[in-house]
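Report on the structure given below.
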Amino acid sequence: TNRIAKSLSVSEIPVRVHEINSFNGLATADGQIFITRGALDDFYNGKVTAEELSSIIAHELGHVALGHSKRRMIDFSMQNALRIILSLAIGRLIPAVGTYIANFLTSLLAAKLSRNDEYEADAYAAALLAKSGIGTGAQISLLTKLDTLGKSSGSIPQWLLSHPKASDRIMAIEKLTKNWSSKS
């Protein structure tokens, strides 16, 4: 994180620990960055490198810099309003299941918005990692390991998940890296 801080011209990047065992990172609307106890434990156990852990922090910094956490709060309010409107409208047409259909449609929208944010935060992190001299290799390496580190999405359809598939994220990062290399 010292290399990332230096590339951002700040003295340090405060990172807090969220005391849960899952492997994750998160950013709050007020700009705080957290990594989970599970991510730290995997680092201490040699499952992830310091550079890979830094790529999580860079990704979460992307969410902060791009305003995703604040926007997500607004999106959530709008989704709730949409859910109510759709429930009323569809519920009149299909009384028994209208609310379920409205919830499903709103969940599709929420997942799509979240996946877009993930790609944007990945691109920000890739640029930041490249600028700091760490490079995108750690980010790609971590995404390759992600399914074995975190809980697998199991049988949930991809279009309902909040994060894109790791393989799709890797392809997007590789494409960015290739574009940057061709411009050098």
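Kindly indicate whether SER9 is within 22 Å of ALA126 (Cβ to Cβ) and over 20 Å from the mean Cα position of the chain (by Cα).
Details: within 22 Å of ALA126 (Cβ to Cβ): yes; over 20 Å from the mean Cα position of the chain (by Cα): yes.
Considered against the rule, which asks whether it is within 22 Å of ALA126 (Cβ to Cβ) and over 20 Å from the mean Cα position of the chain (by Cα), SER9 comes out as yes.
Name the residue, out of ILE35, ILE56, ILE13, that is in a loop (DSSP other than H, G, I, E, B), surrounded by 12 or more Cβ atoms within 10 Å (Cβ to Cβ), touching a strand residue (DSSP E or B) at 6+ places or on another chain (Cβ under 8 Å) and β-branched (Val, Ile, Thr). Reasoning before the result, please.
Working: ILE35 fails: in a loop (DSSP other than H, G, I, E, B); ILE56 fails: in a loop (DSSP other than H, G, I, E, B).
Selected residue: ILE13, the only one of ILE35, ILE56, ILE13 that is in a loop (DSSP other than H, G, I, E, B), surrounded by 12 or more Cβ atoms within 10 Å (Cβ to Cβ), touching a strand residue (DSSP E or B) at 6+ places or on another chain (Cβ under 8 Å) and β-branched (Val, Ile, Thr).
For (1) among the hydroxyl-bearing types (Ser, Thr, Tyr); (2) surrounded by fewer than 18 Cβ atoms within 10 Å (Cβ to Cβ); (3) modelled with pLDDT of 90 or more, each residue gets a yes or a no:
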{"position": "MET73", "(1), (2), (3)": "no, yes, no"}
{"position": "SER114", "(1), (2), (3)": "yes, yes, no"}
{"position": "ILE134", "(1), (2), (3)": "no, no, yes"}
{"position": "SER141", "(1), (2), (3)": "yes, yes, yes"}
{"position": "ASP147", "(1), (2), (3)": "no, yes, no"}
{"position": "GLY150", "(1), (2), (3)": "no, yes, no"}
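Conditions tested, residue by residue: (1) of a type outside the set (Gly, Ala, Ser); (2) modelled with pLDDT under 90; (3) outside any helix (DSSP H, G or I).
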| position | (1), (2), (3) |
| --- | --- |
| VAL48 | yes, no, yes |
| LYS70 | yes, yes, no |
| ASN80 | yes, yes, no |
| ALA89 | no, yes, no |
| ALA96 | no, yes, yes |
| ALA102 | no, yes, no |
| THR106 | yes, yes, no |
| LEU109 | yes, yes, no |
| ALA126 | no, no, no |
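Taking the stretch 59-71 as the region of interest, how many residues are buried (at least 16 other Cβ atoms within 10 Å of the Cβ) and farther than 30 Å from PHE43 by Cα?
Looking only at that region, the number is 0.
Would it be correct to say that ARG169 is of a type in the set (D, E, K, R), surrounded by 15 or more Cβ atoms within 10 Å (Cβ to Cβ) and modelled with pLDDT under 80? Walk me through how you get there before you give the answer.
Numbers: of a type in the set (D, E, K, R): yes; surrounded by 15 or more Cβ atoms within 10 Å (Cβ to Cβ): yes; modelled with pLDDT under 80: no.
No; evaluated as a whole, the condition is false for this residue.
Please go through (1) at pLDDT 85 or above; (2) at positive phi for GLY154 and return the number of the only condition it doesn't satisfy.
The failed condition is (1).
Checking the structure you have, find out if any residue of the stretch 81-102 is loosely packed, with under 13 Cβ neighbours inside 10 Å and within 25 Å of PRO164 (Cα to Cα).
no
The values are calculated or read from the model by the stated rules, or taken from the named source; none is laboratory data. The structure displayed is predicted, hence computed values, not measured ones. As a convention, Cβ positions derive from the backbone with ideal geometry for all residues, glycine included, and neighbour counts pool all protein chains shown.
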